Amino acid sequence: MNAGHLLLSFLVIAAGAYALFCLYLFFMQGRLLFYPNLPSREVASTPARIGLDFEQAAIITSDGIRLAGWFVPAPQARGVLLFFHGNAGNISHRLDSLAIFYRLGLSVLIFDYRGYGESGGRISEQGMYLDAEAAWRYLTETKGIAPEEIVLFGRSMGGAVAAQLATGTRPAGLILESVFSSVPEMAAGYYPFFPVRLLAIYRYDVGKAVRRIACPLLVIHSRDDEIIPFAQGRKVYDAAPEPKKFLAIHGGHNEGFLASGATYQQGLARFFQDVLVEKRQ
């Protein structure tokens with residue numbers, strides 16, 4: 001076999017491998033993005049474990065899915081935080097965050113998306129947006145809380161869900177922590193030599209959503225984030241209209257909010273003071 005045939009064989013094999021990996025990315029992207037069983041789908045604990053009172057919240061979506069959540073009231077609360085968690089685990093893995101918001105004087109509604117924890121249904125992007133709308137209705141209609149008393153908070157993938165909800169509502173404020181600009185853009189960073197923007201089924205386009213919000217925004221991101229680069233958070237911030245603030249923290253993607261301690265909590269406190277000032281008076 002001459003050199004030309006060897007080269008041709010190599011190119012055919014390389015092209016086949018490339019095509020197979022593209023197919024892998026296309027068909028496996030759901031498994032690469034959603035981790036409801038990591039570390040477990042079981043709701044292993046409740047806010048009672050850290051000494052917080054709570055109510056079970058049964059949230060029904062417009063397409064009939066029952067979502068499980070908790071409403072954690074704070075005494076003389078300055079407002080209510082609607083919490084959207086990331087792509088792994090469930091509400092029982094967010095007790096550290098509940099404790100922080102409780103100390104800052106915020107009641108919290110936290111819930112699991114469809115397909116997570118004890119919620120029904122199957123995971124989907126559009127379904128998560130319906131879940132967010134149902135949680136908003138739970139607060140504003142079932143609990144009777146005024147929109148100007150509600151702050152939306154989304155961490156990681158939950159930031160995409162919170163940002164999308166903010167485009168159609170008028171909350172007191174929106175907090176996006178450790179977020180990406182969009183899933184295709186994030187994927188392009190991980191797989192720069194593959195056409196992931198064309199292959200992507202899921203969008204979660206935070207950059208597009210924040211251009212349409214009409215409430216104050218706080219973007220929080222760690223310079224040490226090993227999963228979603230710091231530049232992604234800056235890009236989201238740059239895309240948003242005023243008023244907006246950016247809080248740089250340190251520590252890894254999943255523990256930056258704890259590692260940053262006072263910097264993180266004081267940044268949150270200042271934002272709550274600004275956007276919930278009328279409530280406080």
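So that you can scan it fast, the table gives a plain yes or no per residue for (1) outside the structural domain of L165 (by TED's automatic domain parsing); (2) within 21 Å of F180 (Cβ to Cβ); (3) not in a loop (DSSP other than H, G, I, E, B):
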| residue | (1), (2), (3) |
| --- | --- |
| P75 | no, no, no |
| V80 | no, no, yes |
| G86 | no, yes, no |
| Y102 | no, no, yes |
| I123 | no, yes, no |
| E133 | no, no, yes |
| R137 | no, no, yes |
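Of all residues in the stretch 220-235 being of a type in the set (A, V, I, L, M, F, W, C) and in contact with a strand residue (DSSP E or B) (Cβ under 6 Å, 6 or more places away or on another chain), which is surrounded by the most Cβ atoms within 10 Å (Cβ to Cβ)?
I220
Taking G154 as the residue in question, decide whether it is among the small types (G, A, S), assigned to a helix (DSSP H, G or I) and either within 22 Å of A74 (Cβ to Cβ) or assigned by TED's automatic domain parsing to the domain that holds D238 (or both). The answer is no for G154. One residue alone among L217, L198 is surrounded by 21 or more Cβ atoms within 10 Å (Cβ to Cβ), in contact with a Pro (Cβ under 9 Å, 6 or more places away or on another chain) and within 28 Å of I123 (Cα to Cα), and that residue is L217. Listed by first and then second residue, the pairs linking a residue in the stretch 1-25 that is within 27 Å of A187 (Cα to Cα) and not assigned by TED's automatic domain parsing to the domain that holds A188 to a residue that is part of a helix (DSSP H, G or I) and at pLDDT 70 or above, with Cβ atoms under 7 Å apart and 6 or more places separating them unless they lie on different chains, are C22/L199; L25/V196; L25/L199. With a requirement of 1 or more residues that are of a type in the set (A, V, I, L, M, F, W, C), at pLDDT 95 or above and over 17 Å from the mean Cα position of the chain (by Cα), the strands (runs of 3 or more DSSP E) lying completely within the stretch 173-281 that satisfy it span 244-249.
The values are calculated or read from the model by the stated rules, or taken from the named source; none is laboratory data. Please read these numbers as outputs of a predicted model, since none were measured by experiment. Cβ coordinates were reconstructed from backbone atoms using ideal geometry, including for glycine residues, and neighbour counts include every protein chain displayed.
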